[in-house]
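To start, the structure under review is shown below, and the notes come after it.
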Amino acid sequence: MWPTALSQGLRWFPEQASTVAGQVDALFLFLVAVSVFFAGLIFLLVFVFALRYRRRAEDERPKAIHGSLILEGLWTVIPLGIALAIFVWGAYLYFVISRPPAAAMEVYVVGKQWMWKLQHPTGQREINELHVPVNRPVKLTMTSEDVIHSFYVPAFRIKADVVPGRYTSTWFEATKTGEYHLFCAEYCGTSHAVMGGRIVVMEPAEYERWLTGGVSVESLPAAGEAVFARLACNTCHKTDGTGRGPSLVGQFGQTAKLASGETVAVDESYVRESILTPQAKIVSGYPPIMPTFKGLVTEDQLLQLVAYIKSLKLDGQAKP
Amino acid sequence: MNDAASESRQHYLNCDYSVRSWLLTTDHKRIALLYLISISAFFALGGVMAGLLRLELLTPQGDLVQAQTYNKFFTIHGITMIFFFLIPSIPAVLGNFLVPIMIGARDLAFPKINLLSWYVYTLGAAFTIVAMVTGGVDTGWTFYTPYSSTYANTNVILTALGVFITGFSSILTGLNFVVTIHKMRAPGLTWFRLPLFIWAHYATSLIMLLGTPVVAITILLVALERGLGIGIFDPAIGGDPVLFQHLFWFYSHPAVYIMILPAMGVMSELIACFSRKRVFGYNFVAFSSMAIAVLGFLVWGHHMFVSSQSMYAGMIFSLLSFLVAIPSAIKVFNWTATMYKGSISFQTPMLYAFGFVGLFTIGGLTGLFLATLAVDVHVHDTYFVVAHFHYIMVGGAIMGYLGGMHFWWPKITGRLYSEILGRIAAALLFVGFNLTFLPQFVLGFLGMPRRYHVYPPEFQMLNVLSTAGATILGLGYALPLLYLTWSLFFGKQAGPNPWGAEGLEWQTPSPPPTFNFERTPVVTQEAYAYDTELEGHRV
Amino acid sequence: MSEHSSQVAHQFDDATQQYEASTLGMWAFLITEIMFFGGLFAGFFVYILGHSAAFAEGSRHLDLTLGTVNTLVLLGSSLTMALAVRSAQQGNRQGQVLFLILTMTLGLVFLGIKGLEYAHKFEQHLVPGPHFRLEGPHAQFAQLFFSFYFAMTGVHALHMIVGVGLLAWLLVNALRGKYSAEYFTPVEVSGLYWHFVDVVWIFLFPTLYLVARHA
């Protein structure tokens, strides 16, 4: 077999370590084939014509050929057809890449100059590293504390910008254990090139051991509950609905009706927005008296609050 | 050629040697040369930056310069090459010189505005030079907010103002071309008898007029946000940093067509002349230029597939991006067909044309990779993108520029250059270019992000290959500088038509008289009438 | 007639070509201006979609009376400008001078009123930046509204100032009797520019003063 160093040197592709990597590579290879074909065709034709029709006498005067409608039609329609086929394939795969499966494990990411902060739902925090179990979908909900960054894992073929002021998300399902590069892929200032790390994919049992191995930490929802209490959110948002603000139990994932008549999906972004700019989208039937918590919560704490509110499920009893 | 006779003939170069006559000229040909000097200076600056970047990238560690210095280098490389070299290059040098002559006019419609455009360019250049000399700028040429508007601590405002001002130079040039082509064609020169160089510059001018103002206002807003605290893109007050990207790319995508369309125009001229045949499918090539200009305005979102733009917007932009590739493909096929049953000769300009066809084809095909949504997710912001656009900008646009310069050099200067050196330089450039940028496609797919001054060690071999190529490339660029300058003093005198080419510019002496023609020509036949006797038609 | 042939620049074949080229040139330039302002309008409309209440609040702080007066002033100035062009076409030197002066005056009145509005905003702490202060829940995004207000009306005012400068140059030439039925192109072309700046205001005024107010 090839020595490792040589095979390392001859590597053309990153490792295929996610469910979509192989599919992306297949599409890429198809594009390479199409490109080699057309480039080869042009190179060949130009070479043959240059040779065959090279000037042999100074007073040569070739006959004019104005054009050919048939040829124009052919070399318009055929490339168009190929282009559309590639478009459809790429759009379909993109659709898959953009929509996380329902039961994905959620990880929260905060990018800042020049590091990545990651929080597991069970509370573990990591800097510039993410430990995940193999064969389990992971959904990343991300934001930035300062400028635009981009979360890029070549081995998974995924990338998503991380933007201040909003949540962006991406997902992956790792298929091979190992360690893979994590890069920041949106120029963000001086140390952009070192704002990276690694994704560590482990066997499920090993991952469980890793989770419980370190200092015992509280889960994200529990941390969020603590923030919720410390900031006295529970004085208005009472769980029995008698407070000045709406009860938040079972609200996440529903749609809410606003005072303006519009409806809004109660997702991570709406929760974040309601904490930072509460007047923007008031729920119908409630007075616009919620104060803003801008400057009083960090992005990490916002994510903890989001996790907490997500966890407030209705139990079997009917609730308002 | 009787040297004594040609030296006593008055033309646009020897009619007045004073500095004042150059700095206050309204002759489009002299203005073209003023631009030639300016853009060559910036090309040298941008090239030095590139050399420094590639030097640093020889090793995975950051051992040549500090991170922020490297970031300033690639920012300056991008800004000088795009705004101060590529965008003006062919239009402001070859276009300014040739557009009036090719259509049989005495000058452009607005000669004083033409001169103004050069001074505006120079003023913008001055701002940018001051910005560089007093600390530089490190935002990348794309100025993404909020880094550029809030967080960067380098000379953003100065640079933004420099680019803002220079944009007006572009607008004024485009305006001049549009009016000139509409209103000042010689008798008998209908639209479909125009050389395709003119069609290309017309389409380019439309983009200059419609696109440049948008980036002007966008950059102005960034400068205002930074200088006065007026926040438009600042998320802290509800601004949208992605809105900046939409506004920025709305111009900056069409800008790439500003850079390539004129080179395509040059290609039509070169391939027709050195195949001694009219361009195959003239109408289709002309309409393709217009289609590229129109479609080019509809695809900007393909720079933003991973920016948090909606998935459906991404799909629309992807589809349109595939569509805009088709007219370019049509042109390549038509140029190839032009060679069929032609009479091909291999002088220097034609070698650049061959280089263009090959490299632009590769560059264009790799654009399809980037238009493909799922693939772009992986290669966006990696060296794959860097390789793609250098294939188009350098392998395409610069080959077009150099090919054009070598083709029309005798007309512009009245001198011939060494054909052997010309061919050697063209070959060096082709080899050096491919060695520099082909490895970068692999690097990009392997996952090496762009704008990195350090990288994981497994990427080193490809980076070393790339730097080696850059050295050869640099040599290839230095050669023409040397032998073309040498030809100004020692080159053989050129006759009116050393290539045996068709076109009104070859009906007038080399160099042309100040008002281009003794008498206004009357045009009676189509462009590229190579199948008639060369001496057959008279002005 | 022959004394005016010297008015035809050397690159043109005749006066007609010169006239057509000049007017086409101005139209082309005005299209670039549409794109320039267009970027600002596009940004404004993107933001008002998400922050209609805050923008309404901001708009309510604009002086509707002064804005309306300014609109009438500019419309009047377009009338006087058109009359100036007509006077030039007719070779009527007195008419040219009178209407150019009237147009300049109205333009300066517009700028004066705008200056007054700006001064008010400064006093009310509504200039975006560190001194911005607005009571109520919409302060944050209302600042965005005012950023657009100042950017859009500021850029417009700059264009007005250039326009007034153009008129001054025309006035000097008109006094020298330079324009007549044979050659009035600069007046007409400046008239196009002036009308354009007026039309931009016709879009600015409802956008900033009216539409946002009722959002």
By count of other Cβ within 10 Å, fewest leading, how are C:K178, B:K72 ordered?
-> C:K178, B:K72
Cβ neighbours within 10 Å from other chains - mean over A:153-166 | 6
Quotient of C-alpha Rg and 2.2 N^0.38 Å, computed over the range A:230-311 = 1.01
Tell me, what HN-Hα J-couplings in whole Hz come from the Karplus equation 6.51 cos²θ - 1.76 cosθ + 1.60 at θ = phi - 60° for each residue of the range B:215-229, using x for Gly and Pro?
-> 6, 4, 5, 5, 5, 4, 5, 5, 5, 5, 4, 6, x, 10, x
Averaged over peptide A:167-173, how many Cβ atoms belonging to another chain are found within 10 Å of each residue's Cβ?
-> 1
When C:T68, B:T508, B:T159 are arranged by how many other beta-carbons sit within 10 Å of their Cβ, fewest first, they go C:T68, B:T508, B:T159
Using the number of other C-beta atoms within 10 angstrom as an exposure proxy, rank A:E106, C:E33 with the fewest first.
-> C:E33, A:E106
Quote the Stokes-Einstein diffusion coefficient, in whole µm² s⁻¹, for the protein assembly as shown, based on the Kirkwood radius over alpha carbon pairs, a temperature of 10 °C and a viscosity of 1.306 mPa s.
-> 50
Based on the mean of other beta carbon atoms within 10 Å per residue, what is the order of B:247-259, B:58-70, most packed first?
-> B:247-259, B:58-70
Cα-based Rg and Dmax for the range A:159-201, where Dmax is the largest Cα-Cα distance (Å) = 12.4, 34
Which percent, to the nearest 5, of DSSP beta bridges fully inside the range A:105-213 are antiparallel?
-> 65
re the range B:28-507: pairs of Cα atoms spaced beyond 29 Å account for a percent value of 48
Where in chain A are the DSSP H helices whose alpha-carbon span along the long axis reaches 20 Å or more and whose Kyte-Doolittle mean is at least -1.0?
-> A:21-52, A:69-98
Based on the inverse mean of 1/r over its pairs of different Cα atoms, what is the Kirkwood hydrodynamic radius of the range B:126-188, in Å?
-> 13.8
So what is the diffusion coefficient of chain A in µm² per second by Stokes-Einstein at 37 °C and 0.692 mPa s, using a Kirkwood Rh over Cα pairs?
-> 137
Normalised alpha carbon radius of gyration of chain C [divisor 2.2 N^0.38 Å] = 1.21
Rounded to the nearest whole number, the per residue volume of the convex hull around the C-alpha atoms of the range A:105-213 in Å³ is 84
Mean ellipticity per residue at 222 nm, deg cm²/dmol - from DSSP H runs of n ≥ 4 across chain B, formula -39500 (n - 2.57) | -21500 deg cm²/dmol
Among the Cα-Cα pairs of the range C:120-160, the proportion with separation greater than 14 Å, in percent, is 48
Specify the angular offset, from 0 to 90 degrees and rounded to the nearest 10, of the alpha carbon long axis of helix C:93-123 from the longest principal axis of the alpha carbons in chain C.
-> 20
Kirkwood Rh, angstrom, the range C:34-108 [1 / mean 1/r, Cα pairs] = 15.1
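Give the average, rounded to an integer, of partner chain Cβ atoms located within 10 angstrom of each Cβ in A:42-52.
6
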Expressed as an acute angle from 0 to 90° and rounded to the nearest 10, what is the orientation of the C-alpha long axis of helix B:282-295 relative to the principal long axis of chain B?
-> 30
For the Cα atoms of chain C, what angle does the longest principal axis make with the long axis of helix C:15-50, in degrees from 0 to 90, nearest 10?
-> 0
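Laboratory data are not the source of any read-out in this text; all were calculated from the coordinates shown. From a predicted model like this one, the values you see are computed outputs, not experimental measurements. Positions of Cβ are generated from backbone atoms using ideal geometry, with glycine treated the same way; all protein chains shown enter the neighbour counts.
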